[in-house]
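Novice: The following block contains the structure, expressed as structure tokens.
Read-outs: derived from the displayed coordinates by stated rules, not from any lab. What you see is a predicted model; the values in this text were computed from it and never measured. Quick reminder, even Gly has a Cβ in these numbers, built from the backbone with ideal geometry, and neighbours come from all protein chains shown.
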Amino acid sequence: MRYGIFDIGTKATRMMIGDSDSIKNSEFSFNNFRNYGDRTFLGDALSDDQFKIKGIELTVNRIREYKEIGKKFGVEKFLAVGTAVFRKAKNTDEVLKIIKQITGIDIRVISKKEEAKFSIISAILTGKDYLNPGDIAVLIDQGGGSTEISFAKYNDDNKIQFESLQSLELGTVELKNRIFSYDVTFENVYQMLIEEAREIIKSHKSYKSDKPMKAFGIGSGITNMTRKKGNKNQHGIEFSPEKIQYLADKTLQEYSMLIWELQPNIDPNYPEGKKKLISSLKKTYDINPDVLDHPLSILLARISYKEILDYYKIKRIKVCGAGLRYGVFFSEVLDI
């Protein structure tokens, strides 16, 4: 059977097309799947935890467009999951009805634990070469609304024992909104967010095990760190916490406009330079968010991934290019 799996989140709308025979009868390969996606910024449609109906138009249009693509490729069954943004909104039921009326797609809003479970299924089944039977797989999945930390014991033959599924308020949209809520310099608020993240991570219910822990990472920030295009090319690249810090520092150097309004020795009136305030940065973002989305995604990823790796003393993390929708597909097809 051919499936079309929708993953509709805070920042993006995605659809994957996959055939059940491709996973039942052979090893995983990205070549057996088709993926479509676009940034639809559904989280920006929230105001006082209510969806502004006009703000869902882009998401609705993409769902309708991708559904038509799915039909052309012979999709027999569509499954759609909604994540953090739907859990947060107070008028979610109204919006789900509107989306179903317009597109015919019935979105199931999944819990934080379900989201973490699907994502770690995806990481394990696409990263078996990284695991030995008995290992604990750790998935750090930074989405727009939250960062999920999942732990599962891998027992080979697609047997996965779920140990701990947790969610932290360290999503990229959440962190971006915190940045824009201040009016200090960017470098000051960035350090504040790192300190806040450490406290959030310290306060979560930590998981303890005497088994080796192998970490996987999902999310636009860590995939952007690879500097490669496409899930297939990003998949399997490894980072150390030190490399993540290096890439964040390098990003600040390359995108100096995040730090400086006027650089030293450029303007005679400001020989020591002038640091950029958040209010100025927000004006730039409001005019053209694409200018800042890439560097911010890497810096906000550093906040989550490095601090979690350091907390659990994990030395390496492997990028997983197969996200939540793959986990939904595997769970449906393999009955996990």
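Novice: Helix-derived [θ] at 222 nm for the chain: sum -39500 (n - 2.57) over DSSP H runs of at least 4, divide by residue count, nearest 500? Present the calculation step by step, with values, prior to reporting the outcome.
Specialist: On the way: 13 runs with 146 residues, N = 336.
Estimated from H runs of four or more residues: -13000 deg cm²/dmol.
Novice: Additional query: Once phi is turned into ³J(HN,Hα) by the Karplus curve 6.51 cos²θ - 1.76 cosθ + 1.60 with θ = phi - 60°, what whole-Hz value does each residue of the range 87-95 show in order, with x for glycine and proline?
Specialist: 5, 7, 6, 7, 10, 4, 4, 4, 5
Novice: Which residues' amide hydrogens lie under 5 Å from the amide hydrogen of residue 168, considering only partners 5 or more residues apart or on another chain, with H built in the peptide plane?
Specialist: 147, 148, 149
Novice: Sticking with this structure for a sec: Given 177, 125, 50, which one lies farthest toward the positive end of the charge dipole of the chain, if we put +1 on the Cβ of every Lys and Arg and -1 on the Cβ of every Asp and Glu?
Specialist: Checked the options; the winner is 125.
Novice: Can you tell which of 319, 60, 138 shows the greatest fluctuation in a Gaussian network model of the chain with Cα springs below 10 Å?
Specialist: Looking only at 319, 60, 138, the largest GNM fluctuation is found for 60.
Novice: So, with +1 on the Cβ of K and R and -1 on the Cβ of D and E, and no other charges, what is the size of the charge dipole of the chain about its Cα centre, to the nearest 20 debye? Numbers along the way, then the final one.
Specialist: On the way: 52 positive and 46 negative charges, 96 e Å.
Its charge dipole is roughly 460 debye.
Novice: Here is a further query. Let's see if you can work this out: charge +1 on each Lys and Arg Cβ, -1 on each Asp and Glu Cβ, no other charges. What is the dipole magnitude of the range 2-110 about its Cα centre, in debye to the nearest 20? The partial results should precede the final answer.
Specialist: On the way: 20 positive and 15 negative charges, 23 e Å.
Computed about the Cα centre, the dipole is about 100 debye.
Novice: Here is a follow-up. Classify the range 50-198 from the C-alpha gyration tensor, please: rounded if a/c falls under 1.5, else prolate or oblate depending on whether a/b exceeds b/c. Can you show the working numbers first?
Specialist: Numbers: a/c = 2.25, a/b = 1.04, b/c = 2.17.
The shape class here is oblate.
Novice: What trypsin sites (Lys or Arg not before Pro) does the range 123-203 have in DSSP loop regions with at most 14 other beta carbons within 10 Å? Please list the in-between numbers first.
Specialist: Numbers: sites: 128, 153, 159, 176, 178, 198, 202; in loops: 159.
The qualifying sites are 159.
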